[in-house]
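Taking it in order: structure first as structure tokens, then the write-up.
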Amino acid sequence: MNTGAPRDLPQGTGFSTLTDRVGTTSNTKRLSVCLLSPHPLVLGEFERILNKPGFRVVSKRLESMLAPDLRQEQPPKAQVYLVDALAARQATAALIANILERYPGARVLVVGDQHLAANSYSLLRLGVKGLLTYGEARTQLCRALPLVAEGGFWVPRSLLSGFVDSILTSQSRRLKADSVTNLSRREQEVLDSLLENLANKEIAAKLNIAERTVKFHVSNLLSKFGVRRRADLILLCFQRRTVEREMPLSVR
């Protein structure tokens, strides 16, 4: 088990086991963020980064890195959870599954030394909405958290592209978003075409409709699913179908 401080974090940051850090000068509604890590340096650095009026931050130190313990952990309620991936993969998966079962509307962003493709795809299937390295967190975290809270994804472009390709090339993962019941027949056809990675022009030719009509239906789909981009829509459809089917048995 890796219990040392992440390489990209500075030394000497402060820490308290369970803190509630709230700005006092802003009346604007703050985004509630729960920081979860076994390491005080990580928590202290994230607290420093998020010490801004727009965030309400609660930090909790994880006393155990074992999957069964993390499955029973009781994290404070928040809109977004920032999970430190210092633990083993199964332990991190157990914690994420625990969070999303307790708080189904919550969003999860994972920070680690690096995000290799196979592990990143597993995290995305579990329902993770954002992936950052410790170094990236310094400059991107304050932008990533609000976007993730609104239902978007903050994932490196190369990982996102590879993940989408892995979906589209697997015949067993051809998806239909039947969780949204108010889709028209044409919207469903456009959605199915998007999941085949077709461009607007190709969809128009396939369905024998104008390209501007395709754009109209795509805009409606993004609105109905509550996302901003086509890639987010594909990820969301995939996650809704695979989170239960592909979760490791050890974290169920």
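The values are calculated or read from the model by the stated rules, or taken from the named source; none is laboratory data. Worth saying up front: this structure is predicted, and the values here are computed from it rather than measured. All Cβ positions, even for glycine, are placed from backbone atoms using ideal geometry, and neighbour counts span all protein chains on display.
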Which of the following residues is under 25 Å from residue 152 (Cβ atoms), of a type outside the set (A, V, I, L, M) and modelled with pLDDT under 95: 64, 32, 26?
26
Restricting attention to segment 130-149, which residues are of a type outside the set (Lys, Arg), assigned to a helix (DSSP H, G or I) and under 18 Å from residue 55 (Cα atoms)?
137, 139, 140, 141, 142, 144, 145, 146, 147, 148, 149
Return yes when residue 95 is surrounded by 21 or more Cβ atoms within 10 Å (Cβ to Cβ), touching a helix residue (DSSP H, G or I) at 6+ places or on another chain (Cβ under 8 Å) and either β-branched (Val, Ile, Thr) or within 23 Å of residue 232 (Cβ to Cβ) (or both) and no when it is not.
no
Going by the structure shown, is residue 75 in the same structural domain as residue 146 (by TED's automatic domain parsing), surrounded by fewer than 17 Cβ atoms within 10 Å (Cβ to Cβ) and at pLDDT below 95?
no
Matching helices (runs of 4 or more DSSP H) fully within segment 22-121 where at least 3 residues are over 19 Å from the mean Cα position of the chain (by Cα)
40-49, 67-72
Is there any pair linking a residue in segment 218-234 that is free of Cβ contacts under 8 Å to residues at least 12 places away in the same chain to one that is buried (at least 18 other Cβ atoms within 10 Å of the Cβ) and aliphatic (A, V, I, L, M), with Cβ under 9 Å and at least six apart or on different chains, and which?
222/233
If we ask which residues in segment 188-215 are more than 13 Å from residue 237 (Cβ to Cβ) and surrounded by 15 or more Cβ atoms within 10 Å (Cβ to Cβ), their number turns out to be 10
Could you grab me the full set of residues in segment 59-72 that are surrounded by fewer than 19 Cβ atoms within 10 Å (Cβ to Cβ), over 12 Å from residue 36 (Cβ atoms) and either of a type in the set (A, V, I, L, M) or in contact with a strand residue (DSSP E or B) (Cβ under 8 Å, 6 or more places away or on another chain) (or both)?
66
Kindly indicate which of 102, 56, 107 is of a type in the set (D, E, K, R), surrounded by 21 or more Cβ atoms within 10 Å (Cβ to Cβ) and modelled with pLDDT of 90 or more.
107
If we keep just the residues of segment 152-187 that are modelled with pLDDT of 80 or more and in a loop (DSSP other than H, G, I, E, B), which is surrounded by the fewest Cβ atoms within 10 Å (Cβ to Cβ)?
184
